Amino acid sequence: MNSASLTAPLASLGRATLGLMAAAGRLAMFAGSAISHLFRPPFYIAEFWRACLNIGWLSLPVVGLTALFTGAALALQIYAGSARFSAEQVVPSITAIGMVRELGPVLGGLMVAARVTSSIAAEIGTMKVTEQIDALTTLSTDPMKYLTVPRMLAATLCVPVLVGIGDIIGIMGGWMLGTSRLGFNSTTYLKVTWDFLQFWDVGSGLVKGAAFGFIVAIMGCYYGMNSQRGAQGVGRATKSAVVAASVAILTVNYLLTEAFFSA
Amino acid sequence: MIEICALTKSFGPKQVLRGVDLVVPSGKSTVIIGGSGTGKSVLLKCILGLVHPDGGKITLDGQDVTKGEREAFLTRFGMLFQGGALFDSLPVWQNVAFRLLRGSLARPKDEAREIAIEKLRRVGLGADVADLFPAELSGGMQKRVGLARAIAADPEIIFFDEPTTGLDPIMAGVINELIREIVTEMGATAITITHDMTSVRAIADRVAMIHAGKIRWEGPIAELDTTPDPYIQQFIHGRAEGPIETLR
Ligand SMILES: Nc1ncnc2c1ncn2[C@@H]1O[C@H](COP(=O)(O)OP(=O)(O)OP(=O)(O)O)[C@@H](O)[C@H]1O
Ligand SMILES: [Mg+2]
């Protein structure tokens, strides 16, 4: 066996790593530029409200349903676990913690990534391949300011609100299941939850939500703006945007949890 | 005056522009002709900075277009894209008035709408299309909305990328006349890309033909029919035989 065939897999691994790092660098530059545009006029207020409507308001049903069923399933699992050493009374508090600190933001973020990242990437990608982005530029409108900044800002502000609402609905899911199936007293369940939760339990989840919102919008815009030509190009951009957003959400979730844990 | 000097541009291994030299005089109508896929649209996009050339220089009134204030520079231009490039999330009138609703040329909404409806009328579209969305229009109608958008802010320099393709002969005539009017009455500088020889004769003060990545021939419209250049002769008479290969 010659040395070339031995190093070939290594070389392709190296190329893939370099490619990934270059892509991460381009993405970081894109995000940095989007943030810097946030502070420089002109500001497109109408675009911002439109983005809030799309990203926040219209995502409510999806996020609410996800939270409801997750909360209920979580309460059931925690009951199953805690019953093994007769600690069923922890169900309300652990359900609340699990929901507020972890599952609310993560599942909410992933659902928004599925719904919003894909639609942003497909919309901007289509605009790119039909020369609408070029047309914006020739009409003295910076696509970064007109398309990216409003979506980025709206997602960063709206997703924490969605997460907060999801938290409440998720806890309600647990409560419904706990009172109807597991024999908990309704007032006690809610009182235990309320007394147990600390400010930072909820706060850390909301911070995660803001980070996920930022990721969701930036990935959609970045992949859309860099879409290749044709319908296939838009399809590929959309797929990459959703995958990248989901992976980034899970990674950042771990890093933030670690940071909050040690703080 | 726009001066293009030794402009080159490749996409991957494909050399599209191989040293284009062209002078576009102010207040005149220049028409660019040439085979499909020879880089005419790319040339216009290079001037506007939408495509970054690999080499060469473009100046507007003696100033390098890549330097200086982008926004002020682009405010002088209007562009009709080959595919229309209308914003499909906005109704027709907001497409046309896009520039008049934001930025340095912003004005009250109803005034902008009035101007938009007037420009739509000039491209042969009634006020009833103003509130439709681009997706509800036919291809030719979309093209004309794109045209109305290009001229909405009365720019000094206007690029038309195939303004009459997809239009019926009467409407094509109306558009040719409109372009002519914009140049002679408003003193605008126009660059038009077209494959339609009737349009060339109706619009052009000067004609430039692009072939194999370079300007093959350039001159006043009056010389178009008399030039002995075999490339021009083959092109304007639409002959299959000649120096221009048909397999491209
Ligand atoms: N963004 C791009 N990426 C890759 N190749 C491109 C790109 N834009 C243009 N090209 C290539 O450059 C060449 C010239 O394209 P261009 O659109 O300028 O042609 P054209 O002269 O306008 O043709 P037509 O008359 O058919 O519109 C084509 O071969 C095209 O494939
Ligand atoms: Mg073209």
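Pairing each residue of the range A:121-148 that is on the phi > 0 side of the Ramachandran plot with any residue that is β-branched (Val, Ile, Thr) and part of a helix (DSSP H, G or I), provided the two are 6+ apart or on different chains, yields C-beta distances under 6 Å for A:Ser140/B:Thr75. Please determine whether any residue of the range B:31-38 is touching a strand residue (DSSP E or B) at 6+ places or on another chain (Cβ under 9 Å), within 29 Å of B:His237 (Cα to Cα) and either exposed (fewer than 15 other Cβ atoms within 10 Å of the Cβ) or within 14 Å of chain A (Cβ to nearest Cβ) (or both). Checked the range B:31-38: at least one residue is touching a strand residue (DSSP E or B) at 6+ places or on another chain (Cβ under 9 Å), within 29 Å of B:His237 (Cα to Cα) and either exposed (fewer than 15 other Cβ atoms within 10 Å of the Cβ) or within 14 Å of chain A (Cβ to nearest Cβ) (or both).
For the range B:31-96, the helices (runs of 4 or more DSSP H) that sit wholly inside it and include 1 or more residues that are basic (Lys, Arg) are B:40-48, B:70-75.
Whether any residue in the range B:116-126 is closer than 22 Å to A:Tyr146 by Cα and within 14 Å of another protein chain (Cβ to nearest Cβ) is what I want to check. Spell out how you get there, then give the answer.
Residues of the range B:116-126 closer than 22 Å to A:Tyr146 by Cα: B:116.
If we keep only those that are within 14 Å of another protein chain (Cβ to nearest Cβ) as well, we get B:116.
Scanning the range B:116-126, I find at least one residue that is closer than 22 Å to A:Tyr146 by Cα and within 14 Å of another protein chain (Cβ to nearest Cβ), so the answer is yes.
Tallying residues that are over 14 Å from A:Asp134 (Cβ atoms) and within 16 Å of ligand 2 (Cβ to nearest atom) within the range B:44-63 yields 0.
State yes or no: is B:Arg144 basic (Lys, Arg), more than 14 Å from chain A (Cβ to nearest Cβ) and either part of a helix (DSSP H, G or I) or farther than 16 Å from B:Ser29 by Cβ (or both)?
Criteria met by B:Arg144.
Scanning the range B:84-106 for residues that are within 17 Å of A:Glu131 (Cα to Cα), small (Gly, Ala, Ser) and surrounded by 19 or more Cβ atoms within 10 Å (Cβ to Cβ), we see that the one that is farthest from the other protein chains (Cβ to nearest Cβ) is B:Gly84. Run down B:Ile236, B:Ile175, B:Ile182 and say which single residue is at pLDDT below 95, within 16 Å of ligand 1 (Cβ to nearest atom) and part of a helix (DSSP H, G or I). One residue alone meets the criteria, B:Ile236.
Hey, does the range B:116-139 have a residue that's in a helix (DSSP H, G or I), within 16 Å of ligand 1 (Cβ to nearest atom) and at pLDDT below 95? Yes, the range B:116-139 contains a residue that is in a helix (DSSP H, G or I), within 16 Å of ligand 1 (Cβ to nearest atom) and at pLDDT below 95.
Selection over the range A:50-68 of residues that are touching a residue at least 60 places away in the same chain (Cβ under 8 Å) and either crowded, with 17+ Cβ neighbours inside 10 Å or within 14 Å of chain B (Cβ to nearest Cβ) (or both) gives a count of 12. For the range A:182-211, a residue qualifies if it is more than 30 Å from A:Ser86 (Cβ to Cβ) and among the small types (Gly, Ala, Ser), and the qualifying residues are A:Gly203, A:Ser204, A:Gly209, A:Ala210, A:Ala211. Per the conditions (1) touching a residue at least 24 places away in the same chain (Cβ under 8 Å); (2) within 11 Å of chain A (Cβ to nearest Cβ); (3) acidic (Asp, Glu), the sole criterion not satisfied by B:Asp131 is (2).
Could you tell me whether any residue of the range B:202-211 is surrounded by 22 or more Cβ atoms within 10 Å (Cβ to Cβ), modelled with pLDDT of 90 or more, within 19 Å of B:Gly124 (Cβ to Cβ) and out of contact with any Asp or Glu (no Cβ under 6 Å at 6 or more places or on another chain)? Checking the range B:202-211: at least one residue is surrounded by 22 or more Cβ atoms within 10 Å (Cβ to Cβ), modelled with pLDDT of 90 or more, within 19 Å of B:Gly124 (Cβ to Cβ) and out of contact with any Asp or Glu (no Cβ under 6 Å at 6 or more places or on another chain). Keeping to the range A:10-67, report how many residues are within 16 Å of A:Met152 (Cβ to Cβ) and of a type in the set (S, T, N, Q). Of the residues in the range A:10-67, 4 are within 16 Å of A:Met152 (Cβ to Cβ) and of a type in the set (S, T, N, Q).
Is it fair to say A:Leu58 is among the hydrophobic types (A, V, I, L, M, F, W, C) and at pLDDT 95 or above? Considered against the rule, which asks whether it is among the hydrophobic types (A, V, I, L, M, F, W, C) and at pLDDT 95 or above, A:Leu58 comes out as yes. When each of A:Ser227, A:Ser240, A:Ser246 is tested for being within 19 Å of A:Glu102 (Cα to Cα) and either buried (at least 17 other Cβ atoms within 10 Å of the Cβ) or in contact (Cβ under 8 Å) with a residue 24 or more places away in the chain (or both), the lone residue that passes is A:Ser246.
For the range B:46-61, how many residues meet the condition of being surrounded by 15 or more Cβ atoms within 10 Å (Cβ to Cβ), within 22 Å of B:Gly27 (Cα to Cα) and in contact with a strand residue (DSSP E or B) (Cβ under 7 Å, 6 or more places away or on another chain)? Talk me through it step by step, then tell me what you get.
In the first step, residues of the range B:46-61 are kept if they are surrounded by 15 or more Cβ atoms within 10 Å (Cβ to Cβ); the result is B:46-51, B:53, B:56, B:58-60.
Next, only the ones that are within 22 Å of B:Gly27 (Cα to Cα) stay: B:46-49, B:58-60.
If we keep only those that are in contact with a strand residue (DSSP E or B) (Cβ under 7 Å, 6 or more places away or on another chain) as well, we get B:46-48, B:58-60.
Matching residues across the range B:46-61 total 6.
The values are calculated or read from the model by the stated rules, or taken from the named source; none is laboratory data. Treat the numbers as computed from the prediction; the structure is a model and nothing was measured. Cβ sites come from the backbone with ideal geometry, for glycine too, and all protein chains shown count toward neighbours.
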